[in-house]
Amino acid sequence: MKAAVFHKIGDISVDNVPDPTIEQSDDIILRVTSTAICGSDLHIYDGFVPQLRDEVLGHEFMGVVEEVGKDVRHLKKGDRVVVPFSIACGQCFFCQQGYHANCQHTNPEHYGPEGDMLKGKGGGMFGYTDLYGGYNGGQAEYVRVPKANQGPKIIPDGLDDEQVLFLTDIFPTGWSAVKWGRVKPGDTVVIFGSGPVGLMAQKAAWINGAERVIAVDPLDYRLQKAKALNNVDILNSEDEDLIQKIYDMTNGRGADVAIDAVGMEANRNFGEKVSAVLHGQKGTMKVLELCTEAVRRSGIISVVGVYASPYDNFPIHRIFDKGLIMQFGQAQIHVYIDECFEMVRSGKVKLDDIITHRLPLTQASQAYDMFKKKTDDCVKVVMKPGMS
Ligand SMILES: NC(=O)c1ccc[n+]([C@@H]2O[C@H](COP(=O)([O-])OP(=O)(O)OC[C@H]3O[C@@H](n4cnc5c(N)ncnc54)[C@H](O)[C@@H]3O)[C@@H](O)[C@H]2O)c1
Ligand SMILES: [Zn+2]
Ligand SMILES: [Zn+2]
C-alpha cells in the first residue's frame, strides 16, 4: 500500500510499504477514506518529538472496516468509523477514570510514571513515534487499529467524511480545552493560537456559554478566518500592547479563562532561539507565560498545545500570586467523542468549515510543506487516499 512515511526531520515521502495485518484478536484493519495533518505531526516533522526510524505518520483518520479480529464485538466489515488518536484498552486504572491517553496497556516499551522527555511516557497513539508505542498511523491507504472494541465510532451514511473527520482529534481536543477551563456562561475566554485546534476551541467556548471569545495569533489570515467562521474578537500576538489590550477588554482584570492552543513551537525571534539553544531547551513556553499574564486572578489556564521539554524561569511566582488553576495534557477523545458527534449530527456545530486544502495522499510531502510554512493561507489539509 501507499503511506506517508517520516524518514528524518523535514523528510516525509509517500512510499510503498507492506499492508497492515491483524496482529491481536481485537484489531481491525481500516481502509482509510480521509486523513488530516495536525499541528502535532509538525512536532515530529520538525524534530521536537524525536523519531529515529521510519514510521507511517497520521493520527487523524477515518475509513471503512476491511477486516476484523475474532474478538471484535461491535464492528463488522463495511462499517464506516472515525478513530480517536489515542489507543486505549478501556479496562486499566486510567481508562476506567476517563484518562485514556494515559492507558497502561498500549505503550509496552516506553510507558511509565515519570513523564520525562525520553522515558516513562503515556499510552499509545497512532503514528506518533516509538515513544508513544511505535504504531503506524493513518496517513495511508490502510491502517491497523488495535483495541478496536474501545476507540472507533460508527458513522451513519447520512454524514460525509469531512463533517465528522475532526471527531478523531481536534474538535474533542478543543472541547477538552474548554472543559478543562471550566468555561461557563458569561466568561471571557482568550484562546492563543488560531490554527485548527484554536478554531475548534473557539467553537466549543461559544457552545459552553462564553460571553466573549478573543483569538490571538501572529498570522492575520488565520485571525481573519477565526473572525469569519467563529465571530470572535481578534488580537495579533506580535502587538506590543497585547496583554494591555486584553486587560482593556476585561475591565482591567484579565480573561476568566486562557487556553494555550499553540505549544512549544510558538513563533520566536532570533534572540529567543539563541537563548533556547544556550539553555538546552526545545522551542519555547512563551505562550504559557502569556496565558499567566492574560488570565485574571483566580482564573484558569487550560493547555492543549504540546510541550516536550523542561524550561527555566517558569513563572511559578505569578501562578502563586494570582492563585491560578492549570490543566495540561493530551485531550480526552474517548470521553467526549459521543457528545461531540451528537453536536455535529444535530447541526449544533459545523467542523468542516476550517478545511482549506483537499489533496490526494500521494501529495503528502507537499501538503506537509505547505501546512508547516503556512503558505497559500493554509489552515487545515485533508488528504484522501482514494483521490488521484
Ligand atoms: N493536547 C492534545 O491532545 C492535542 C491535540 C491536537 C493538537 N495539539 C496541539 O495543539 C497545538 C496546535 O495545533 P494546530 O493543529 O492548531 O497547529 P498549528 O501549528 O496550525 O497552529 C498553531 C497556531 O499558533 C500560532 N502561534 C504561533 N505563535 C503564537 C503566539 N506567540 N501566540 C499566539 N499564537 C501563536 C500559529 O501562527 C498557528 O496559527 C499543537 O501544539 C498541537 O500539537 C494537542
Ligand atoms: Zn492531531
Ligand atoms: Zn487502559
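The values are calculated or read from the model by the stated rules, or taken from the named source; none is laboratory data. All values derive from a computational prediction rather than experimental measurement. Positions of Cβ are backbone-derived with ideal geometry, glycine not excepted, and every protein chain shown enters the neighbour counts. The area values use the complete protein model at the heavy-atom level, side chains included, leaving out ligands, DNA and RNA. Shrake-Rupley method; radii C 1.70, N 1.55, O 1.52, S 1.80 Å.
The figures follow:
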quantity: Answer residue from the range 13-47, given it is touching a Leu at 6+ places or on another chain (Cβ under 7 Å) and aliphatic (A, V, I, L, M) and is farthest from Gln366 (Cα to Cα) among those; calculated: Ile28
quantity: Residue in the range 60-71 that is charged (D, E, K, R), touching a Ser or Thr at 6+ places or on another chain (Cβ under 7 Å) and open to solvent by 10 Å² or more (accessible area, probe 1.4 Å) present; calculated: yes
quantity: Residues located in the range 205-235, provided they are free of Cβ contacts under 8 Å to residues at least 60 places away in the same chain and assigned to a helix (DSSP H, G or I); calculated: Ala205, Trp206, Asp220, Leu223, Gln224, Ala226, Lys227, Ala228, Asn230
quantity: Residue in the range 163-195 that is least open to solvent (accessible area, probe 1.4 Å), counting only those that are more than 16 Å from ligand 2 (Cβ to nearest atom) and in a helix (DSSP H, G or I); calculated: Val178
quantity: Matching residues in the range 357-388 - criterion: being assigned to a loop (DSSP other than H, G, I, E, B) and either crowded, with 16+ Cβ neighbours inside 10 Å or hydrophobic (A, V, I, L, M, F, W, C) (or both); calculated: Cys378, Val379, Lys380, Pro385, Met387
quantity: Given (1) β-branched (Val, Ile, Thr); (2) away from ligand 3 (no atom under 16 Å from the Cβ); (3) touching a helix residue (DSSP H, G or I) at 6+ places or on another chain (Cβ under 9 Å), number of the condition Ile333 does not satisfy; calculated: (2)
quantity: Qualifying residue in the range 105-119 (condition: touching a helix residue (DSSP H, G or I) at 6+ places or on another chain (Cβ under 6 Å) and surrounded by fewer than 21 Cβ atoms within 10 Å (Cβ to Cβ)); calculated: yes
quantity: Residue count, the range 85-137 (criterion: polar (S, T, N, Q), closer than 18 Å to Tyr307 by Cα and either within 16 Å of ligand 2 (Cβ to nearest atom) or modelled with pLDDT under 95 (or both)); calculated: 2
quantity: Members of the range 108-157 found to be closer than 24 Å to Met264 by Cα, charged (D, E, K, R) and in a loop (DSSP other than H, G, I, E, B), listed by number; calculated: Glu114, Asp116, Lys119
quantity: Sole residue being crowded, with 23+ Cβ neighbours inside 10 Å and either part of a loop (DSSP other than H, G, I, E, B) or in contact with a His (Cβ under 7 Å, 6 or more places away or on another chain) (or both), chosen from Ala88, Ala101; calculated: Ala88
quantity: Glu293 being under 21 Å from Asp233 (Cβ atoms) and open to solvent by 40 Å² or more (accessible area, probe 1.4 Å); calculated: yes
